[in-house]
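In what follows, a structure is listed as structure tokens, so that the remarks can point back to it.
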Amino acid sequence: MSTRQEALRGFRDGFPIALGYFAVAFSLGIIAKKAGLSASLGFVSSFFTRASAGEYGVYTLVAASATYVEIVAMSLVTNLRYLLMSAALSQKIAPGVSFAKRILMACCITDEVFGISIGHEGYTPPSYTYSAALISTLFWASGCAIGITAGNILPDNVVTALSISLYGMFIAIIIPPSKKDRNILYAVLISAALSGLCTITPIINSWSSGTRTIVLTVFISCLAAWIRPIKEGTNGEA
């Protein structure tokens, strides 16, 4: 296929992703509004971030007046998976593609864009990933901005109700894999238990919520990797 055809194909494959992104980003916009972000700032931050968990963590920390160190640490921890995705996608890029184009493809990665890019038959053309990322990113950023705008217009009780929808998204993310893998289920249950325990434990409960979240995320991830490591050649089954 020509570059133009691949770009059009990327737009086509990215459009369903964009529709889903808009709905989720709208809920993120409600959270961003509660953190004090303007619609324009929400659009820019979402355009360059495109990570639901990462943005939610950042907006929550901003609302809690967290330090810059906590915000940067949270972003790194929640988005580390993109390093692995970038490494995997690099194996699908033709040898002649320039370094600059490879870097730009890595910047385009989200979970869903990675999924369709890695599933592309043969080598994945940069134009395909670029166009899929562009259409989905525009919807994502617009959804966040519109969510912030709606949050400024709607009554406070409606905004509070809409903010719950994002928690529903996170539940939808963890429930399916928890049903398939008991190790994930155990990690989720331990995370919930330790998170509650930390709120009543002396000294630890004086930490900011952002610091507690970062420490728990790193601790539980390392503990799970040490106790139940994923064995090579098992397709992710330990």
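Probe of 1.4 angstrom, ligands and nucleic acids ignored: what's the accessible area per residue over the chain, in square angstrom?
Heavy-atom SASA per residue in the chain reads 57 Å².
Working value for the range 59-124: equivalent-ellipsoid semi-axes of 31, 12, 8 Å, each the square root of 5 times a Cα gyration tensor eigenvalue, largest first. Note on the range 97-156: percent of Cα-Cα distances in each 10 Å bin, starting at 0 and stopping at the bin with the largest distance, equals 21, 40, 20, 14, 5, 0. Each of the GluC sites (Glu not before Pro) that DSSP puts in a loop and that has at most 12 other Cβ atoms within 10 Å breaks the chain; the longest unbroken stretch is 1-120. The largest-to-smallest principal axis extents of the Cα set in the chain are 61, 50, 32 Å. In the elastic network of the chain, a GNM with C-alpha springs shorter than 10 Å, the most mobile of ILE118, ILE30, ILE184 is ILE184. Normalising the Debye intensity of the range 1-128 to I(0), with uniform scatterers on Cα atoms only, and taking log10 at q = 0.10, 0.17 Å⁻¹ returns -0.38, -0.95.
Springs between Cα atoms under 10 Å define the GNM used for the chain, and in it the highest mean-square fluctuation of ILE31, ILE220, ILE148 occurs at ILE220.
How high is the relative contact order of the chain? Use alpha-carbon pairs under 8 Å, at least six apart in sequence, and give a whole percent. Don't skip to the end; give the middle numbers.
On the way: 264 pairs, mean separation 77.9, N = 238.
Contact order relative to length: 33 percent.
Centre-to-centre separation between the Cα atoms of the range 1-42 and those of the range 184-202: 33 Å. The Cβ shell under 12 Å around LEU185 holds other residues with a net charge of +3, Lys and Arg each +1, Asp and Glu each -1. Number of Lys-Lys pairs in the chain with C-alpha atoms under 26 Å apart and a separation of 8 or more places or on different chains: 4. Span-like helix criteria (full DSSP H runs; alpha carbon extent of at least 30 Å along the helix axis; mean Kyte-Doolittle hydropathy of at least -1.0) are satisfied in the chain by 3-34, 126-153, 156-180.
Taking all protein chains in place and a 1.4 Å probe, what share, in percent, of the accessible surface of the chain do carbon and sulfur account for?
Its accessible area is 70 percent carbon and sulfur atoms.
Beyond 14 Å, the tail of the calculated P(r) for the range 1-65 holds 62 percent of the Cα pairs.
The values are calculated or read from the model by the stated rules, or taken from the named source; none is laboratory data. In this text the structure is predicted, and so the values were computed from the model without any measurement. Heads up, the Cβs are rebuilt from the backbone with ideal geometry, glycines too, and the neighbour counts pull from every protein chain shown. Accessible surface areas use protein heavy atoms only, side chains included; no ligands, DNA or RNA. Shrake-Rupley method; radii C 1.70, N 1.55, O 1.52, S 1.80 Å.
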